[in-house]
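All remarks here apply to the structure that follows.
The values are calculated or read from the model by the stated rules, or taken from the named source; none is laboratory data. Given the structure is predicted, the values throughout are model-derived calculations rather than measurements. FYI the Cβ positions are ideal-geometry reconstructions off the backbone, even for glycines, and counts take in every protein chain you see. For accessibility, only protein heavy atoms count, side chains too; no ligands or nucleic acids. Shrake-Rupley method; radii C 1.70, N 1.55, O 1.52, S 1.80 Å.
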Amino acid sequence: MERKRVFSGSRPSGRLHLGNYLGAVENWVKMQHEYDCVFAIVDHHAITTPFDPRELQTNTRDMLVDLLAVGLDPSECTLVIQSELPQHTELAWILGSITPIGWLQRVPTFKEKSEMHPDNVNLGLLSYPVLQAADILLYKAEVVPVGEDQLPHVELAREIVRRFNHRFGDTFPEPEAEVPRHTARIMSLTEPEKKMSKSLGPDSYISIGDDPETVKEKVMKAVTDTGPTSGEMSPGVANLFTLLREFGDEKQHREFLDEYEEGIIRYVDLKEATAAAIIDTLQPVRKRRQKLLQSPQRLREIMETGHERASTIACTTLREVKERTGLGPGREF
Ligand code: AQP
């Protein structure tokens with residue numbers, strides 16, 4: 001039986017962090033064995049917010065290294081760099097021409113990023129979800145493993161599919177988002193009411209490549225209770241518990257929860273245990289990263305194989321789209 005196609009991507013706007021990992025990439029690693037997966041480093045998305053060209057190059061390479069180090073296996077999935085396949089942007093143009101601007105102006109990330117970078121409210125930022133829809137539809141993906149923040153984008157991709165299929169005939173499947181049950185939204189360490197994000201600065205997140213001292217320092221500084229709470233666990237403390245549950249052992253997690261419920265917990269102990277669990281988990285990942293960084297030839301080969309495979313699928317889809325929309329092939333002269 002043919003395996004369902006999966007697509008997802010990550011912006012090389014900084015280093016892969018624990019939010020990206022727990023919200024999306026951990027699922028990618030699992031799904032690569034069961035589905036036909038295409039995963040992209042979406043560098044065209046990264047240039048919609050302020051960036052430095054040299055850093056973008058390094059971040060793109062580091063993103064690839066991080067993804068491999070946490071367990072993506074190039075013999076089990078297809079890895080691509082978005083800007084190296086022009087079909088992504090070409091399909092985005094076609095889809096953009098059937099997408100009402102009103103749909104895009106309502107997208108929460110457009111509002112957030114516009115407020116964050118008022119001097120850089122560019123067209124790419126507005127049309128970001130159309131490019132994301134193109135990324136998914138180019139591969140006719142049916143499943144899109146993402147964190148919670150991406151749900152409005154996947155919903156928009158579904159609306160674009162309905163509109164396209166209605167106007168030009170059945171072409172694309174409606175993609176479904178796949179969000180993890182407990183880790184769909186990992187919170188920032190410094191501003192725990194916001195999601196962990198590269199753009200909130202390095203203290204707000206733990207990156208996959210952080211060394212043990214840095215991990216410890218960041219976790220020990222994490223915001224816990226910022227004031228009296230109405231009996232509910234504060235977002236900072238809840239976030240530490242989530243990290244401990246994901247990286248530590250269940251017994252320890254339970255013991256700290258009991259202490260919290262009895263009102264005898266010392267946050268310093270919770271932080272030390274959480275930091276130790278993260279450091280332990282990241283240790284083999286760091287080793288794999290170091291090894292991969294020493295083999296640029298291997299990285300190039302991985303990307304070449306990925307591109308070859310992805311471009312076969314991408315060209316087939318684009319040809320079909322162009323035929324259906326009266327662009328290019330099928331024209332009568
Ligand atoms: N805090 C998070 N919790 C759970 N999932 C998250 N994701 C991102 N942050 C969290 C998921 O990670 C995948 C890759 O995200 P991305 O790099 O493409 O873009 P992003 O969501 O914009 O990530 P950042 O870190 O917040 O980047 P900046 O600051 O550059 O915008 C996605 O599936 C995302 O849901």
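In whole percent, and with a 1.4 Å probe on the protein chains, what portion of the accessible area of the chain is carbon and sulfur?
The value for the chain is 49 percent carbon and sulfur by accessible area.
Can you give me the accessible area per residue for the chain, using a 1.4 Å probe, in Å²?
50
Name the long-range amide H neighbours of G9: under 5 Å, sequence gap of 5 or more, or other chain; modelled H, no Pro or chain starts.
Counting only residues 5 or more places away or on other chains, the set is A40.
Suppose every Lys and Arg Cβ carries +1 and every Asp and Glu Cβ carries -1, with no other charges. What dipole size does the chain come out with about its Cα centre, to the nearest 20 debye?
It comes to approximately 940 debye.
Along Cα→Cβ, 7 Å out, is where each label goes; now give me the distance between the ones at R266 and E304 in nm to one decimal.
Taking the simple label geometry, R266 and E304 are separated by 5.8 nm.
Could you pull out every Cys in the chain that lacks a partner Cys with its beta carbon under 4.7 Å away?
Taking the Cβ cut-off of 4.7 Å, the unpaired cysteines of the chain are C315.
Mind checking which lysines have their C-alpha under 16 Å from K322, skipping anything on the same chain fewer than 8 residues away?
K140
Sort region 198-291 into rounded, prolate or oblate with this rule: let a ≥ b ≥ c be the square roots of the eigenvalues of the Cα gyration tensor; rounded if a/c is under 1.5, and if a/c is not under 1.5, prolate when a/b is larger than b/c, oblate otherwise.
oblate
Compute the FRET efficiency between R181 and T316 as 1/(1 + (r/R0)^6), taking r as their Cβ-Cβ distance and R0 = 56 Å, and round to the nearest 0.05.
Computed FRET efficiency for R181 and T316: 0.95.
Taking the Cα centre of each part, how many Å lie between region 111-151 and region 162-212?
Their Cα centres are 10 Å away from one another.
For K251 and Q105 in one chain, what is 0.36 nm times their gap in residues minus the Cα-Cα distance, to one decimal in nm?
Extra length from K251 to Q105 when fully extended: 47.9 nm.
Rounded, prolate or oblate, given the Cα gyration tensor of region 243-299, with a/c below 1.5 counting as rounded?
Prolate shape, in that a/c is at least 1.5 and a/b is the bigger ratio.
Using the structure shown, list the pairs from K216/K251; K194/K287; K218/K251 with a Cα-Cα distance above 26 Å, or answer none.
K194/K287
Starting from the residue with the highest accessible area, list I206, I264 in decreasing order, probe 1.4 Å.
These residues rank, largest area first, as I264, I206.
Which far-off residues, 5 or more places away or on another chain, put their amide H under 5 Å from the one on E178, with H placed in the peptide plane?
Distant-sequence amide H within range of E178: V144, V146.
With an 8 Å Cα cut-off and a minimum separation of 6 or more residues, compute the relative contact order for the chain in percent.
With pairs under 8 Å counted, the relative contact order is 22 percent.
Mind putting together the pair-distance distribution for the chain? All Cα pairs, 10 Å bins, whole percent per bin, short to long.
Using 10 Å bins, I get a P(r) of 5, 24, 32, 23, 11, 3, 1, 0, 0 for the chain.
Can you find, among V144, I206, A238, the residue sitting farthest towards the positive end of the charge dipole of the chain, where Lys and Arg contribute +1 and Asp and Glu -1 at Cβ?
It is V144.
At R0 = 45 Å, how high is the FRET efficiency between S75 and E259 if r is their beta carbon distance? Nearest 0.05 is fine.
Numbers: r = 45 Å, r/R0 = 1.01.
According to the calculation, E is roughly 0.50.
Where in the chain are the DSSP H helices whose alpha-carbon span along the long axis reaches 20 Å or more and whose Kyte-Doolittle mean is at least -1.0? If you can, show how the numbers build up before the last one.
Values: long enough: 53-69 (24 Å, -0.38); 123-138 (21 Å, 1.50); 151-168 (25 Å, -0.48); 267-293 (37 Å, -0.27); 296-325 (41 Å, -0.94).
Counting only whole DSSP H runs, the qualifying helices are 53-69, 123-138, 151-168, 267-293, 296-325.
Using R₀ = 22 Å, calculate the FRET efficiency as 1/(1 + (r/R₀)^6) where r is the Cβ-Cβ separation of E84 and R331; round to 0.05.
Between E84 and R331 the formula returns 0.20.
Points 7 angstrom from Cα along the Cβ direction at K291 and A238: gap in nanometres?
3.9
Once amide H atoms are built 1.01 Å from N in the peptide plane, which residues 5 or more positions from K195, or in another chain, come under 5 Å H to H?
S188
With +1 on each Lys and Arg Cβ and -1 on each Asp and Glu Cβ, how big is the dipole of region 198-291 about its Cα centre, in debye rounded to the nearest 20?
It works out to roughly 740 debye.
Need the full-extension length gain, V121 to Q57, defined as separation in residues times 0.36 nm minus the C-alpha distance. One decimal, nm.
The span from V121 to Q57 would gain 20.8 nm if fully extended.
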